[in-house]
Amino acid sequence: MDRRLSILGPVVLSASAVLAQETGPPPVLSLAREEIRPGKGTPHSKSAAAFVAAIARANAPLNRIALVPISGDDNALVYLRAFGSFAEVETAYKQFEEAVAANVALKTELDRLDREEVDQHASQRTAYYTLRPDLSYHPRTAEQTGKARFMSVSTTRIKPGRVPDYVEYIKSLNAAREKAGIDVHTAVYQVATGAANGTFLSFVSMRTLSEIDEARQKADQSQKALDEALGGAEAVKQRRMLISDIVAEGFNTAYAMDPTLSRPPAQIVAADPDFWTPKPANVKAMAAKKETAKPKP
């Protein structure tokens, strides 16, 4: 597959997308999932980093944030890309193709990387999601996301015909969260194309995984306050029965943000330049750390 049309493809953040990210999540999100063949993780990381370096040298119009799994499928990487609208998706691809066509050195390097990665991918898939502000709850700003190191992504698939019920369920949950003063921050997206109908994604960024420990320590207290805000034990019981009839499947995956495979937009970089634009020595150190962290067969 041509890299320029694959999940490593371009992102151009327009003024509207940038504004949306400054005040909240982008209106349209592309989530590209790469499944790497077993044993090909290290060469793929080198190829993906070389791709980012080539784009940066050419100053080509592309931005993305790379997520590497720390739970779930160890061979599945995710790239996030932000847009202000689907019209901007089309414009982004056209602008990137024009940039490649006008730069012989860039085209040559991308063609080389396409050949290099032929046996690295088991599959590549891209889906587009649209923001549901009515289902999100105090989502993080671009600055807060730029300072994060981890991302929790919860996937929920709704049974056919039950999306309206799910929407009302989450709206009432958020109202109860507000009443109880629950300290959570979620950005919720609904699939537009590329994944099963009725798929919702909920994103939570974290500066450290210790935030999970803190949430677990507060879980009983938070749940008690939330149950009271929802109307008490009987109401909560009815809600549990309701959601079991609405949801077909749900799971969570935790990721680490990888700056060596990313080329984030300026407002993300500005939040933590040392992390997002690491010096060559730091890049080597991060690569060595990732190798050491891999489980041994």
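The values are calculated or read from the model by the stated rules, or taken from the named source; none is laboratory data. Everything quoted here is computed from the prediction, not taken from an experiment. Note that each Cβ is placed from the backbone with ideal geometry, even for glycine, and that neighbours are counted across all protein chains shown. Heavy atoms of the whole protein, side chains included, go into the accessibility calculation; ligands, DNA and RNA do not. Shrake-Rupley method; radii C 1.70, N 1.55, O 1.52, S 1.80 Å.
Looking at (1) within 28 Å of ALA270 (Cβ to Cβ); (2) in contact with a helix residue (DSSP H, G or I) (Cβ under 8 Å, 6 or more places away or on another chain); (3) of a type in the set (Phe, Trp, Tyr), which is the only condition PHE200 fails?
Against the list (1) within 28 Å of ALA270 (Cβ to Cβ); (2) in contact with a helix residue (DSSP H, G or I) (Cβ under 8 Å, 6 or more places away or on another chain); (3) of a type in the set (Phe, Trp, Tyr), PHE200 comes up short only on (1).
Which residue is farthest from PHE251 (Cα to Cα), if the candidates are limited to the stretch 174-184 and must be open to solvent by 70 Å² or more (accessible area, probe 1.4 Å) and in a helix (DSSP H, G or I)? Quick ask: steps written out before the conclusion?
Just the residues of the stretch 174-184 that are open to solvent by 70 Å² or more (accessible area, probe 1.4 Å), to begin with: 178-179, 183.
Cutting the leftovers down to in a helix (DSSP H, G or I) gives us 178-179.
Working: GLU178: 24, LYS179: 27 Å.
Selected residue: LYS179.
Give the stretch 207-230 a look and list any residue that's under 19 Å from VAL167 (Cα atoms) and small (Gly, Ala, Ser), or say none.
Listed by number, the list holds a single entry, ALA229.
Name the residue, out of ARG140, ARG125, that is out of contact with any helix residue (DSSP H, G or I) (no Cβ under 6 Å at 6 or more places or on another chain) and assigned to a strand (DSSP E or B).
ARG125
Determine whether the stretch 205-218 contains at least one residue that is within 18 Å of the chain's Cα centre (by Cα) and among the polar types (S, T, N, Q).
yes
Conditions tested, residue by residue: (1) within 17 Å of PRO265 (Cα to Cα); (2) surrounded by fewer than 18 Cβ atoms within 10 Å (Cβ to Cβ).
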site	(1), (2)
GLY24	yes, yes
PRO27	yes, no
THR42	no, yes
ALA50	no, yes
ALA66	yes, no
ALA99	no, no
LEU110	no, no
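What's the number of the only condition in (1) within 23 Å of PRO259 (Cα to Cα); (2) surrounded by 16 or more Cβ atoms within 10 Å (Cβ to Cβ); (3) not aromatic (Phe, Trp, Tyr) that ARG132 fails to meet?
Condition not satisfied by ARG132: (1).
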